[in-house]
1. When DSSP beta bridges are limited to those with both residues in the chain, what percentage is antiparallel, rounded to the nearest 5?
2. Using 7 Å Cα-to-Cβ label points, what is the GLU222/GLU97 separation (nm, one decimal)?
3. Rounding to the nearest 10 and keeping the result within 0 to 90°, find how far the Cα-based axis of helix 232-242 lies from the longest principal axis of the chain.
4. Using a 10 angstrom cutoff on alpha carbons, build the Gaussian network for the chain and name the most mobile of ILE89, ILE199, ILE50.
5. For segment 94-185, state which trypsin sites (Lys or Arg not before Pro) are in a DSSP loop and have at most 16 other beta carbons lying within 10 Å of their beta carbon.
6. Mind sorting out which of (1) 60, 39, 32; (2) 92, 45, 23; (3) 63, 43, 31 is the real Cα extents along the principal axes in Å computed from the coordinates?
7. Please list 3J(HN,Hα) in residue order for segment 130-145, calculated via the Karplus relation 6.51 cos²θ - 1.76 cosθ + 1.60 where θ = phi - 60°; whole Hz, with x for glycine and proline.
8. Is it possible to state the helix-based mean residue ellipticity at 222 nm for the chain, with each DSSP H run of 4+ residues giving -39500 (n - 2.57), the sum divided by total residues, to the nearest 500 deg cm²/dmol? What is it?
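Values in this text are rule-based calculations from the coordinates and carry no lab data. What you see is a predicted model; the values in this text were computed from it and never measured. Positions of Cβ are generated from backbone atoms using ideal geometry, with glycine treated the same way; all protein chains shown enter the neighbour counts.
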Amino acid sequence: MGGGSYFVYILKCNDGTLYTGYTVNLEERLQKHNRGLASKYTRRRRPVEIVYHEAFLDRAGAMRRESAVKKMDRREKLALINGKAKIVISACLAGKECRYSGDGFDYPDLRRLVEEGCAVPVCPEVAGGLPVPREPCEIRGGDGFDVLDGRARVFDKSGEDRTGAFIDGARQIMEQARRAKARLAVLKERSPSCGSTVIYDGTFSGRRIPGCGCAAAMLYREGLELCSEMNYKMKIDWCRNKS
């Protein structure tokens, strides 16, 4: 997975479970796991094998990624391992309860893509460190492109500036899309992170304006095709035909 001195890895244990860790030497770490010296969890599940890894140039980046992978459920980790994911999907559209209100939506065909390892569910706001539930947020002064370029900010309803969390979350989602070699993003419309064509105007009045969210803007600049829950079906067929 490229050069680097720091690694995030996933082990497959003898009982079929998955274990995520961080190391500076994959071979040594695997040996320690199989000697029962690396983890209480893997000690009871030997032998283990490395089934996936990513390389990083700095320790901080590797540790952030380790934390993110550990938060993934089994289906998401299998999508990484199998290398099948060509699509990223707003996690709330695939049944994950990660919206600001603490709920989610269940689009069965999108959920199925995740279950089959063909899509990676993402939530930029959670990736950026915001809790579930959380205050609703909107962009003031523009859209996601303007936020990325420093011309606009993201605020929650109480007036707290959440721009940093939104930008950090967008970057993490972009990295996930790169690793999955994603070509398509199915994103929640009107979200300050994921809106692809429409967002709210920053007044918390329900008024909508043309524009996209922060993560959507970053993914667009990365070259991904964007769509929403309103028009994803034809786009998914397009992405599969490109595979």
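1. 65
2. 2.8
3. 50
4. ILE50
5. Numbers: sites: LYS96, ARG99, ARG111, ARG112, ARG134, ARG140, ARG151, ARG153, LYS157, ARG162, ARG171, ARG178, ARG179, LYS181, ARG183; in loops: LYS96, ARG99, ARG134, ARG151, LYS157, ARG162, LYS181, ARG183.
Within segment 94-185, the qualifying trypsin sites (Lys or Arg not before Pro) (loop, at most 16 other Cβ atoms within 10 Å) are ARG151, LYS157, LYS181.
6. The value matching this structure is (1).
7. 7, x, 10, x, 8, 5, x, 10, 9, 8, 10, x, x, 10, x, 4
8. On the way: 10 runs with 88 residues, N = 243.
For the chain, the value works out to -10000 deg cm²/dmol.
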